[in-house]
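Comments concern the structure below.
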Amino acid sequence: MLATLVDMPFDRKGWFFEIKWDGYRAIAKVGRRKGEAPPAVKIYSRNLLSFNEKFPPIVEALRALPRSAVLDGEIVAHKDGAPDFHALQNWEENCLPLSYVVFDLLSLDGKDLRSLPLRERKSLLKKFLPKHPALLYSEHVEGNGLRFFESIVKKNIEGMVAKDAESPYREGYRGGEWLKVKKWNEQEAIIIGFTEPRGSRKYLGALVLGAYENGTLRYIGHSGGGFTGKEIKEIYERLIKIRTAAAPVKEKVSVNAPITWVKPRYVCQVKFSEWTPDGRMRHPIYAGLRLDKAPKEVTRESPIAMPDQKNQDKNAPKLTNLDKIFWPKEKYTKGDVIAYYEKMADTILPYLKGRPESLHRHPNGIKGESFFQKDIRQAVPPFVATKEIWSESNKKKIHYLLCENKATLLYLANLGCIELNPWNSRIQALEKPDYMIIDLDPADNTFEQVIEVAKVVHQVLIDACEEHYIKTSGKTGLHVLVPLGAKYTYDEIKEFVKLLAQVVHQRIPDITSIERSPVKRKKKIYIDYLQNRKGQTIAAPYSLRPWPGATVSTPLLWSEVKRGLDPSAFTIETIWKRLDKVGDLMQPLLTSVIDLRESIRCLERHLEK
């Protein structure tokens, strides 16, 4: 679980305040079975780098645990009575004491504790953790963050972490439940080059540093201070092996000595006084290599303004350009989009919470250029949650945004997200979707033909399972959704939808196709079973669409799916009267579940006929 950087300390009832330990964040897994001695121990970083060989005293200390457990904490080296990241680099050579400071308990005796409130997890941790010089429990104070921060500043400690005592533990989640405040500015930075040494210095003069911003590697400054002579030699020996002729950044880098460029492979920690207006670190000082960090994880980190908790209305996004026209013909504005989602929040949020969002942004309305954004690397307000998810196709972690509350919903609308495109699985079970999708999207077909196909899908699903729901896409198609209750994998449901598509195609081969190639379809309606893959999205129920008329993706009664149905009748203005009349027709989708295996057997019998 990750913390959001905020700009100042604060007091808050029901929150814990802990020291921000200056070391390597590490998860420890200790597996103890009856009769097994010693227990198996694994300790590793966020990017799964093993620390077992690097910190053997910690491994030995963890073997003293009396029960199986999964712990979250920080490996620190103590120098002059305080944790020191720079000292951690050569702890063994300098004979410095090491500690694994534990601040969370994720599992005990095989029981997953992550859904428990932090207050309960820490209480269990304190009782469970044995007294050992290398295993420390991270103490906290409750409520009084200002006084706590003042005390740690006097002790020259890096900063504090504030945590909602009722928060569950969410891997990869960066939102408003854990916040961090630092005594001084720090930044993880990617080493992209080094300059020639001057005077009596050997090997290198300064490190040239970068960080990612919206997916692009950018220059953020250079540092020539903070090294020992031995460190300069060790860094130089690493970097000289990865020299490259081309600069890893596009912009021109102006320094006072020739630069040797290197591949962006190593990450270091840097302390500095402030950010300059052009995004450079002022007076950066090297603090040590971060071998536990992957370069793709490194983004420029700027603190978010801490909301005034005395006035909850301030814990909301700043809204801008409300009068900008988003629909030129109808004259609907960005303000109209925000007002729509503010009013629709209670209805639409259940379809969004816990689901990674693929943002489709229209900053200049439906006639302007739009773009998709999945990887949220920019600073976001404390009330906005994000989740890191490994992307096999991109070979990196993607920072997805989660729409957990009304404030985030309005934040998205202010970004120009006219439509909302959540995954059909939640972060609690990313491999198991809550519903399957049959997307009926016409090419050159009439909407009457789409209706005909939908009615056949309806009949097949009646034969195969109990529940299914339908909505307009908000454009020219229809979406049929079947509840799964996060009980089955994507591969299992993809097989089901493939069988369903074959049955439907058998019944109406003249207007349907299961061919992926548009050329081979010959202008027939494609029944897309591949829509049911991890990360695929469709517009959420009640999402606006960037389409003439400001249409809404609207749930329907099956009795309405007949000749004369007009998707354009459901708009930003008309949807309210419909909701008052029929309510949310799709609400059972999130609570029901079908017997998929029995449904597959049923469909296979249809194919045999």
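Per residue, the convex hull spanned by the Cα atoms of the chain amounts to 195 cubic angstrom.
For region 435-608, what does the alpha-carbon gyration tensor say about shape, rounded, prolate or oblate, given a ≥ b ≥ c as the root eigenvalues, a/c under 1.5 as rounded, and a/b over b/c as prolate? Here region 435-608 falls in the oblate category. Length gained on full extension, ILE240 to ALA40: 68.2 nm, using 0.36 nm per residue less the C-alpha separation.
Among 472-481, 513-522, the peptide with the highest mean count of other Cβ atoms within 10 Å heads the list, and the full ranking is 472-481, 513-522. Would you kindly state how much longer the chain becomes between VAL582 and LYS329 on full extension, computed as 0.36 nm times their sequence separation minus their alpha carbon distance, in nm to one decimal? Difference between extended and current length: 88.1 nm. Given their separation in residues at 0.36 nm each and the Cα-Cα distance between them, ASP346 and GLN459 gain 37.5 nm when the chain is fully extended. If Lys and Arg each add +1 and Asp and Glu each add -1, what is the summed charge of the other residues whose beta carbon sits under 9 Å from the beta carbon of TYR137? Combined, the nearby Lys, Arg, Asp and Glu give +1.
Counting only DSSP beta bridges whose two residues both lie in region 435-608, roughly 90 percent are antiparallel.
What is the dipole size for region 243-399, taken about its Cα centre, with +1 at each Lys and Arg Cβ and -1 at each Asp and Glu Cβ, in debye to the nearest 20?
Details: 30 positive and 18 negative charges, 127 e Å.
In total the dipole reaches around 600 debye.
Pairs with C-alpha atoms separated by more than 27 Å, drawn from the list LYS163/LYS353; LYS182/LYS534; LYS331/LYS353; LYS182/LYS202, are LYS182/LYS534; LYS331/LYS353; LYS182/LYS202.
Region 1-28 and region 540-609 have their alpha-carbon centroids 43 Å apart.
If a spin label sat at a point 7 angstrom from the Cα of GLN428 along the line to its beta carbon, the backbone N atoms of region 117-138 nearer than 16 Å would be those of 117-118.
Please say if region 409-528 is rounded, prolate or oblate, where rounded means a/c under 1.5 for a ≥ b ≥ c the square roots of the C-alpha gyration tensor eigenvalues, and otherwise the choice is prolate for a/b larger than b/c and oblate otherwise? Note, shape of region 409-528 comes out oblate.
With each label modelled as a point 7 angstrom along the Cα→C-beta vector, the ASN394-ARG605 pair spans 4.5 nm. In this label model, ARG67 and ASP510 are separated by 6.9 nm, measuring between points 7 Å along each Cα→Cβ vector. Label separation (SER302 vs ALA443): 4.6 nm, computed from points 7 Å beyond Cα along the C-beta direction. Rounded to the nearest 10 degrees, the angle from helix 447-464 to the longest Cα principal axis of the chain is 80 degrees. Based on DSSP H segments of at least four residues, each scored -39500 (n - 2.57), the chain has a per-residue ellipticity at 222 nm of -6500 deg cm²/dmol.
Taking the Cα centre of the chain as origin and assigning +1 to Lys and Arg Cβ atoms and -1 to Asp and Glu Cβ atoms, the resulting dipole is close to 1160 debye. Between the alpha-carbon centers of region 197-234 and region 380-440, tell me the distance in whole angstrom. Rounded to whole Å, the Cα centres lie 36 Å apart.
Between 0 and 90 degrees, the angle of helix 145-154 with respect to the longest Cα principal axis of the chain falls at about 30 degrees.
Quick one: putting +1 on the C-beta of Lys and Arg, -1 on the C-beta of Asp and Glu, what dipole do you get for region 75-131 around its Cα centre, in Debye to the nearest 20?
My answer is approximately 480 debye.
Relative contact order for region 185-297: 32 percent, from Cα pairs under 8 Å spaced at least 6 residues apart, divided by residue count.
Could you work out how far helix 229-239 tilts from the main Cα principal axis of the chain, as a 0 to 90 degree angle to the nearest 10? It works out to around 30 degrees.
Give the shape of region 185-297 as rounded, prolate or oblate, defined through the alpha-carbon gyration tensor: a ≥ b ≥ c are the square roots of its eigenvalues, a/c under 1.5 means rounded, and otherwise the shape is prolate if a/b is larger than b/c and oblate if not. Because its axes are fairly even, with a/c under 1.5, region 185-297 counts as rounded.
Each reported figure results from applying straightforward, stated rules to the coordinates on display, with no laboratory input. Given the structure is predicted, the values throughout are model-derived calculations rather than measurements. So basically every Cβ, Gly included, is an ideal-geometry build from the backbone, and we count neighbours across all protein chains shown.
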